[in-house]
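K.L.:
One structure, pasted below without further comment.
The values are calculated or read from the model by the stated rules, or taken from the named source; none is laboratory data. In this text the structure is predicted, and so the values were computed from the model without any measurement. Because the Cβ atoms are built from the backbone with ideal geometry, glycine has one as well, and the counts that use them run over all protein chains shown. Heads up: the accessible areas ignore ligands, DNA and RNA and are worked out on the full protein's heavy atoms, side chains in. Shrake-Rupley method; radii C 1.70, N 1.55, O 1.52, S 1.80 Å.
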Amino acid sequence: MTSSSHRRRTRPKPDRDFEWRPVRGPLLAVAAVAAVALVVTLVLAFRPGDAAGATGQDRAASGPASEAVPSAAAAPKRPSPKPSTPSPTPTASRRTTASPKPSETASGTPSHAAANGATRTTAAPAAGRIRPGTAYQGVATSYDAGNGDGACSYGPTSDVLTAAMNTADYETAKACGAYVSVRTASGTSVTVRITNECPAPCAAGQLDLSHQAFARLAPLSAGRIAITWSLLSPAVSDTVSIRYKTGSSQYWCGIQAIGHRNPLARLEVRTGGGWLALTRTGYNYFLSEQGTGCGGEIRLTDIYGEQLTVPALSVRPDVIQHTGVQFSRH
């Protein structure tokens, strides 16, 4: 009888040769493939021209550094073209030359010296509403001028051919002393000197003539006539005079210029810091409220820009002091 050990089939012990022999071929194939893949990977990773490690697709997406578009902050700033300043169109009321400031001395050199030391220089023109070479349309009326005195404070006069200027063109006494040629449509004319102001209802352009002056143009019964008038720079025999107002002293003074051929644009006094322009009043005096410059040198400027410098004059209230100089004729 066969023993159980013979009946039971036992599993043979594994043989090493038998165990590895069936799988040796595939393993070697896998290892070879892996080695080849590793070599290919290393070749691709260290290929020349790719030291930065970026692929061609990455560089194409980002673009070459030299061709990168600069940002707004990094872009070089181009200077913006400066806009050209348009030249102002010349008009009757605008000039390209600025008037000098009161503290500045006059430009130009003295062209005349009077026997009493007065000098003559030239500055920028300073006309106001009434300008040389301009014809103004208006109306003329008449009034009894009495002794010839008026808002300009010149005092009584024997000159009967005077006129009062409307408030707008009177321009805070800037019209005082102006010589005006008045003409009618028929061609008759008369020359008058402005010594007074004609308040409302006198309108801009209107002249209120003395009865004597109006009678040169039309009968007084006409009452109101159309006129054209313009500024003159006539021949005169007198020279400019200076008068200090009543009550003037070294602490306060009012100064007036009398007998000037052309309208006066500015009156200045000499101070330690230069020339100081005084404020003009409606009654045609220039005031120094603190007494600055009272009794010192005076500089007068007409609307044409001509300047007359008068040596120091004593403060003698209500006394006419002659200067011996006159503005040029135009």
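K.L.:
Counting only protein heavy atoms and using a 1.4 Å probe, what share of the accessible area of segment 233-293 belongs to carbon plus sulfur, as a whole percent?
P.N.:
That fraction is 50 percent.
K.L.:
If you add up the charges near Ser288, with Lys and Arg at +1 and Asp and Glu at -1, over every other residue whose beta carbon is less than 15 angstrom from its beta carbon, what do you get?
P.N.:
+3
K.L.:
What is the local net charge at Pro317, summed over the other residues whose Cβ is closer than 15 Å to its Cβ (Lys, Arg +1; Asp, Glu -1)?
P.N.:
Spelling it out: positives minus negatives among the neighbours equals +2.
K.L.:
Still on this structure: At what distance in nm do the modelled label points of Ser237 and Gln290 sit from each other, each positioned 7 Å from its Cα along Cα→Cβ?
P.N.:
Those two pseudo-labels are separated by 4.5 nm.
K.L.:
Sorting Asp169, Asp144 by accessible area (1.4 Å probe), largest first, what list results?
P.N.:
Output order, biggest surface exposure first: Asp144, Asp169.
K.L.:
Quick one: which residues, 5 or more positions from Arg120 or on another chain, have an amide H under 5 Å from its amide H? H modelled 1.01 Å from N in the peptide plane, none for Pro or chain starts.
P.N.:
Here Ser111, His112, Thr309 satisfy the definition.
K.L.:
Let me ask something else about it. Given a 1.4 angstrom probe, what's the average accessible area per residue across segment 177-260, in square angstrom?
P.N.:
With all protein chains present, segment 177-260 gives 42 Å² per residue.
K.L.:
Could you tell me the distance between the Cα centroids of segment 165-204 and segment 240-263, to the nearest Å?
P.N.:
Here the answer is 23 Å between Cα centres.
K.L.:
Now for a separate question. What residues from segment 153-174 fall in the zone where the backbone N is under 18 Å from a label point 7 Å along the Cα-to-C-beta line of Ala204?
P.N.:
165-174
K.L.:
Taking 0.36 nm per residue of separation and subtracting the Cα-Cα distance, what length does fully extending Thr228 through His330 add?
P.N.:
34.7 nm
K.L.:
What's the local net charge at Pro263, with K and R +1, D and E -1, over the other residues with C-beta under 15 Å away?
P.N.:
+3
K.L.:
Report the full-extension gain for the segment Val319 to Ser249: residue separation times 0.36 nm, less the Cα-Cα distance, to one decimal in nm.
P.N.:
Roughly 23.9 nm would be gained on extension.
K.L.:
Whenever you get a sec, compute what percent of the accessible area on segment 160-208 sits on carbon and sulfur atoms (1.4 Å probe).
P.N.:
That share works out to 56 percent.
K.L.:
Sticking with this one: Compute the FRET efficiency between Thr271 and Thr172 as 1/(1 + (r/R0)^6), taking r as their Cβ-Cβ distance and R0 = 25 Å, and round to the nearest 0.05.
P.N.:
0.60
K.L.:
Once label points are set 7 Å from the Cα along Cα→Cβ at both Leu220 and Ser181, what is their separation, rounded to one decimal in nm?
P.N.:
It is 2.8 nm.
K.L.:
Using label points projected 7 Å from each Cα along Cα→Cβ, tell me how many nm separate Ala312 and Tyr283, to one decimal.
P.N.:
2.8
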